[in-house]
Amino acid sequence: MAHVFIVNKITFKYHLEYMFAGTGASQVPTDFIFDASIKLNTQDEKRSVGMITDVSRIKKGDKILFFVTGISKLYGIFEAESEFFLDPNDSNNFLVDKLEKILTYRILIKPFKVYKNGISEYDCLDSLEGVKYPDEICWSLIYRKLGGNRGCTMITNQEYEIIENKLSKNNSLINDGKNYSFDTDNDTIISSNTLHKYTGRKIDIEKNLRKNMIDRYKNKRAFEHYIQYYCVLMLKSSNYKKILLSESPVTWIGNEVMCSFGKHRIDAFAIQETSNNVEITLIEMKDEKIRDYIIYQIESYLRWLKDYIIPGYLRKGKQIVINPVILSDGVPNARNSTKEKLNILEDTIKSQDWNKYSTNNVTVKRTRIIHFNDKDGNLIF
């Protein structure tokens, strides 16, 4: 799996020298993570937890690329060497004086195949050279550019392969050392004789975020953004079987996956790919009772999968199974006066037939609804 961090020329130089990648919103404090009583603007909190989720989905060994704004070029390739950690938004934020901005959500990285030159935005996103099918265009980055805001974007495995091929074309690997920097005059990655040691804080905040999620759940405050974070952690761990039907290892995880030029985003997305089969699970989350419009949401996601994701797997001769899933507070925690109506609605959703999206090589299962509840301070499914 691969991820793209959005940086500028100054921050990229220090990312390379200290071998880390980071994102964050300088104007948003991180105190709320440690104290659930601190109230943030709702949009600021959602944005912060969203950025945490973006970086939390990264696993050790995932590929890391950088898109440098101002010169609009993509550089790489590196590997994640750590799990996500927090460096709080305060005066001790590591390298803040050099970066000229605060990056609170970080991972450590190491070299994989480091190419001297980047590839232009045009060559990466606009050029149709070598493109035979619409799904061979890097839609994840195009959607991200249109939607903006996120400093760390996942790309599909097929998109990564396309970018890696473009990076390697007429480019040279830097093999003369493990220390790197960025030549801001010539816009190239260079080797360096100076070793810079990363000595910033590395705070694990998983327990804090789980506690905040339960606090909001009990106090009937919006917490869907926390469920996405929790779900991504489950998909990364051995607990993925609580959500996914297949026991095959999870090979790709997405959150807030943009699937249109509008505002449609799939809350969470998991792919389990083997040599012959692909199991795709799209997950819609609700921190409130389910409404009937969710049927139309799921159908819009299936149409996007049919056009942009499935064709690449079909060309490889793979059998594909698609599982729509809804995570919801649902019936168990509803008032008695509404339980009967919710039961009827959930039965309608689960009986929805998606056969029109099935073919000889593609099977779309009926929608599953998984309820969550609080048990001893933990959200369980």
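The values are calculated or read from the model by the stated rules, or taken from the named source; none is laboratory data. Here the structure is a predicted model, which means the values were calculated and not measured. Cβ placement follows ideal geometry from the backbone for every residue including glycine, while neighbour counts extend to all protein chains displayed.
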Restricting to segment 34-77, what's the tally of residues that are within 20 Å of the chain's Cα centre (by Cα) and not in a loop (DSSP other than H, G, I, E, B)? 24
Can you name the condition, by its number, that K218 falls short on among (1) farther than 25 Å from T359 by Cα; (2) surrounded by 15 or more Cβ atoms within 10 Å (Cβ to Cβ)? (2)
Given the conditions (1) in contact with a strand residue (DSSP E or B) (Cβ under 9 Å, 6 or more places away or on another chain); (2) in contact (Cβ under 8 Å) with a residue 40 or more places away in the chain, report the number of the one that N93 does not fulfil. (1)
Criterion: under 19 Å from S191 (Cα atoms) and of a type in the set (D, E) - qualifying residue of E100, E79: E79
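Within segment 90-187, which strands (runs of 3 or more DSSP E) (wholly inside it) include 2 or more residues that are out of contact with any helix residue (DSSP H, G or I) (no Cβ under 6 Å at 6 or more places or on another chain)?
105-111
Which of the residues belonging to segment 131-153 are without any contact (Cβ under 8 Å) to a residue 12 or more places away in the chain and farther than 26 Å from A25 by Cα? Let's see the steps before the verdict.
First pass over segment 131-153, keeping only residues without any contact (Cβ under 8 Å) to a residue 12 or more places away in the chain: 131-132, 148.
Of everything in segment 131-153, those that are without any contact (Cβ under 8 Å) to a residue 12 or more places away in the chain and farther than 26 Å from A25 by Cα turn out to be V131, K132.
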Search result, residues across segment 221-239 that are aliphatic (A, V, I, L, M) and either surrounded by 14 or more Cβ atoms within 10 Å (Cβ to Cβ) or in the same structural domain as I174 (by TED's automatic domain parsing) (or both): I227, V232, L233, M234, L235
Might you check whether a residue that is under 16 Å from the mean Cα position of the chain (by Cα), among the charged types (D, E, K, R) and not in a helix (DSSP H, G or I) occurs anywhere in segment 203-225? no
Can you find a residue in segment 245-263 that is modelled with pLDDT of 90 or more, under 19 Å from the mean Cα position of the chain (by Cα), assigned to a helix (DSSP H, G or I) and buried (at least 22 other Cβ atoms within 10 Å of the Cβ)? no
Criterion first (touching an Asp or Glu at 6+ places or on another chain (Cβ under 8 Å) and crowded, with 21+ Cβ neighbours inside 10 Å) does I283 satisfy it? yes
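Every residue, every condition in (1) at pLDDT below 90; (2) more than 27 Å from the chain's Cα centre (by Cα); (3) not hydrophobic (A, V, I, L, M, F, W, C), yes or no:
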site: V114; (1), (2), (3): no, no, no
site: N117; (1), (2), (3): no, no, yes
site: D135; (1), (2), (3): yes, no, yes
site: R150; (1), (2), (3): yes, no, yes
site: Y160; (1), (2), (3): no, no, yes
site: K169; (1), (2), (3): no, yes, yes
site: S172; (1), (2), (3): no, yes, yes
site: S192; (1), (2), (3): no, yes, yes
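Quick test for you: out of F5, F94, pick the one residue that is surrounded by fewer than 24 Cβ atoms within 10 Å (Cβ to Cβ) and among the aromatic types (F, W, Y).
On the way: F5 fails: surrounded by fewer than 24 Cβ atoms within 10 Å (Cβ to Cβ).
It is F94.
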When you scan segment 321-329, do you find a residue that is surrounded by 13 or more Cβ atoms within 10 Å (Cβ to Cβ), over 16 Å from K242 (Cα atoms), at pLDDT 95 or above and not assigned by TED's automatic domain parsing to the domain that holds D135, even just one? yes
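Is it the case, given these coordinates, that F20 is among the aromatic types (F, W, Y), in contact with a His (Cβ under 9 Å, 6 or more places away or on another chain) and surrounded by 20 or more Cβ atoms within 10 Å (Cβ to Cβ)?
no
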